[in-house]
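Data block below; observations after.
The values are calculated or read from the model by the stated rules, or taken from the named source; none is laboratory data. Values in this document were obtained by computation on a predicted structure and should not be read as measured data. Every residue, glycine as well, gets a Cβ built from its backbone with ideal geometry; the counts of neighbours run over all protein chains shown. To get the accessible areas, we keep the full protein, side chains included, count just its heavy atoms, and leave off ligands, DNA and RNA. Shrake-Rupley method; radii C 1.70, N 1.55, O 1.52, S 1.80 Å.
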Amino acid sequence: MDKMSSQPVESVYIHVPFCAHKCSYCAFFSEASTGELVNRYVQALIRELEMVAKDLKPRTIFFGGGTPSLLNLRQWEQILLSMQRLNLLGAAEWTVECNPATISLDKARLLRSYGVNRISMGVQSLNAALLERLGRIHSREMVFKSFDVLRRAGFTNVNLDLMFAIPGQTLQMWRDTLSEALELGSEHLSSYEVIYEEDTPLYRQLQAGKFATDEDLACDMYEELLERAGCSGFHQYEVANFARDLDLDPRPSTLETTSYACQHNLNYWRGGSFFGLGPSATGYVRGVRTRNWPNTQLYCELLESGRRPVESSEELPPLSRAGETAAFGLRMVAGWPFEEFQRATGHDLRQEWADDMALLQHRGWGRIVPDRFQLTPEGLRFADAAAELFLR
C-alpha cells in the first residue's frame with residue numbers, strides 16, 4: 001500500500017519504441033524509425049507528460065526502448081525543454097538506455113546538461129560473430145569508443161548490459177567478453193541469460209532445430225559471471241544486477257543505498273508506484289496497473305485527440321498485489337525483510353506464505369532468518385520458478 005495516496009508519484013518509465021534494426025531476441029514493442037513518425041511520437045509524448053505532470057515529482061526517471069539514443073538532438077531538446085517547463089527535472093537518478101552505435105558527444109553532453117546522470121549501454125557481447133547473430137547494429141569497437149564519449153561528457157554512472165547463453169557462445173567467448181567489459185571500469189553491470197520469447201527470430205530458429213540450448217553451459221556461465229564480477233569489485237544485489245560501492249565500507253544490509261544499485265529498478269522490485277509513458281508502457285500507480293496501446297500510430301492519434309493512450313487498467317485484490325510484490329522482491333539478494341514487506345503490502349510473509357518459504361528452504365533455494373526471507377545462491381539462479389510460488 002502506498003502510505004499516502006495524495007503523495008505524488010516519484011518514478012516514471014518512458015518507452016521510446018524506435019530501433020534502427022529489430023534484434024533477433026527482442027520481444028519488446030519496437031519498430032524501425034521513420035523521421036515523420038518519430039517527430040509525431042515526440043509531440044505525443046510531451047502531451048502525455050503534460051497529463052501526468054501534476055501528479056509526478058520524479059525521484060527516478062528511466063528512458064527505455066527501443067533505442068532512446070536514436071532520437072536526434074532536436075527531438076531530445078524538445079522533450080527536455082518540455083520536462084523543464086513542467087518542472088520534471090532534478091531526479092536523483094535519471095537513466096537513458098543507449099546503443100553504442102547511436103551515441104555522439106553532442107548528444108551525451110545535451111543529456112548530461114539537463115540532469116541525465118546514468119546511462120545504460122546495450123553491449124550484449126564483445127564478440128563480432130555473436131553481435132551479428134543477435135542482430136545488433138553496433139560493432140565491438142563502437143562499445144569502447146562510446147564508453148569514452150560518455151566519460152568525456154561527464155557521466156560517472158554507466159551500466160553495461162551483457163547477455164550470456166547466446167546460441168554459438170562458448171564459455172571461453174563469455175570469459176573474453178567479461179574480461180573486456182570489466183576492464184572498462186563501469187559502475188554497474190547487468191547480465192541476462194538469453195530468453196527465447198515467442199514471435200522472435202531466435203525463437204523460430206530454436207523451434208526449427210538450428211541450435212539447441214545447454215542448461216549446464218548456461219549455469220557455468222552464470223557461475224563465471226558471479227565469480228568474475230565479485231573479483232572486480234562488484235556486489236550482486238539482484239539476480240542479474242551488480243553494482244560498485246559508493247563508499248569504502250558498505251554493510252550488506254545497506255547495499256541498496258550505499259552503492260550504484262539502480263534506484264529505479266529497486267522501486268519496481270519493492271512494489272513502488274511508477275508511471276509508464278509511451279507506446280506499450282506499463283504503469284503501476286496506487287495499486288492500479290495500466291498498459292498503453294502497443295501501437296505508435298494509435299498512441300499518437302489518441303493523444304492528439306486529448307485522450308490518454310491506455311489500453312487496459314486493472315486493480316489487483318490486496319492479496320494478489322502483495323503476492324506479486326513478494327515475487328518481484330525475491331529477485332533481490334537481500335530478500336524481503338518481514339517488517340518492510342508488511343509496511344509495503346499490509347500482509348505478513350510469515351503467515352500467508354509460510355508453507356512456500358518452508359518448501360523453498362527444504363529444496364535449498366531459500367533461507368528463513370530472524371528478520372527476513374531470502375533466496376540462496378542456487379535459488380537466485382532459478383528465481384522465476386521460486387517466485388511463482390508466491391503469486392496468489
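Summary of computed values
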read-out: Count of the stretch 28-54 residues which are under 24 Å from the mean Cα position of the chain (by Cα), at pLDDT 95 or above and open to solvent by 50 Å² or more (accessible area, probe 1.4 Å); value: 0
read-out: Residues that are within 18 Å of the chain's Cα centre (by Cα) and either farther than 15 Å from Gly154 by Cβ or not in a strand (DSSP E or B) (or both), drawn from the stretch 96-121; value: Glu97, Asn99, Pro100, Val116, Asn117, Ser120, Met121
read-out: Subset of the stretch 70-87 (residues that are crowded, with 21+ Cβ neighbours inside 10 Å and either small (Gly, Ala, Ser) or assigned to a loop (DSSP other than H, G, I, E, B) (or both)); value: Leu71
read-out: Residue that is farthest from Ile195 (Cα to Cα), among those in the stretch 1-27 that are at pLDDT below 60 and open to solvent by less than 80 Å² (accessible area, probe 1.4 Å); value: Asp2
read-out: Subset of the stretch 218-236 [open to solvent by less than 50 Å² (accessible area, probe 1.4 Å), touching a residue at least 40 places away in the same chain (Cβ under 8 Å) and of a type outside the set (Phe, Trp, Tyr)]; value: Ala218, Cys219, Met221, Glu224, Leu225, Leu226, Ala229, Ser232, Gln236
read-out: Extreme residue, modelled with the lowest pLDDT, among residues of the stretch 377-392 that are of a type in the set (A, V, I, L, M, F, W, C) and part of a loop (DSSP other than H, G, I, E, B); value: Phe382
read-out: Scan of the stretch 328-363 for residues that are free of Cβ contacts under 8 Å to residues at least 24 places away in the same chain and among the small types (Gly, Ala, Ser), ordered by number; value: Ala354, Ala358
read-out: Qualifying position, being small (Gly, Ala, Ser) and touching a Phe, Trp or Tyr at 6+ places or on another chain (Cβ under 7 Å), among Gly115, Gly122; value: Gly115
read-out: Residue, surrounded by the most Cβ atoms within 10 Å (Cβ to Cβ), within the stretch 122-177, restricted to residues that are among the aliphatic types (A, V, I, L, M) and assigned to a loop (DSSP other than H, G, I, E, B); value: Ile166
read-out: Restricting the stretch 270-320 to residues that are among the hydrophobic types (A, V, I, L, M, F, W, C) and under 21 Å from the mean Cα position of the chain (by Cα), the residue that is nearest to Arg59 (Cα to Cα); value: Phe274
read-out: Pairs with Cβ under 8 Å, 6+ apart, first in the stretch 167-181 and among the small types (Gly, Ala, Ser), second open to solvent by 40 Å² or more (accessible area, probe 1.4 Å) and part of a helix (DSSP H, G or I); value: Gly168/Ala129; Gly168/Arg133; Ser179/Arg228
read-out: Conditions (1) under 27 Å from Arg381 (Cα atoms); (2) modelled with pLDDT under 95; (3) open to solvent by less than 20 Å² (accessible area, probe 1.4 Å); number of the one not met by His264; value: (2)
read-out: Yes/no for Leu162 being within 22 Å of the chain's Cα centre (by Cα), in contact (Cβ under 8 Å) with a residue 12 or more places away in the chain and within 18 Å of Leu105 (Cα to Cα); value: no
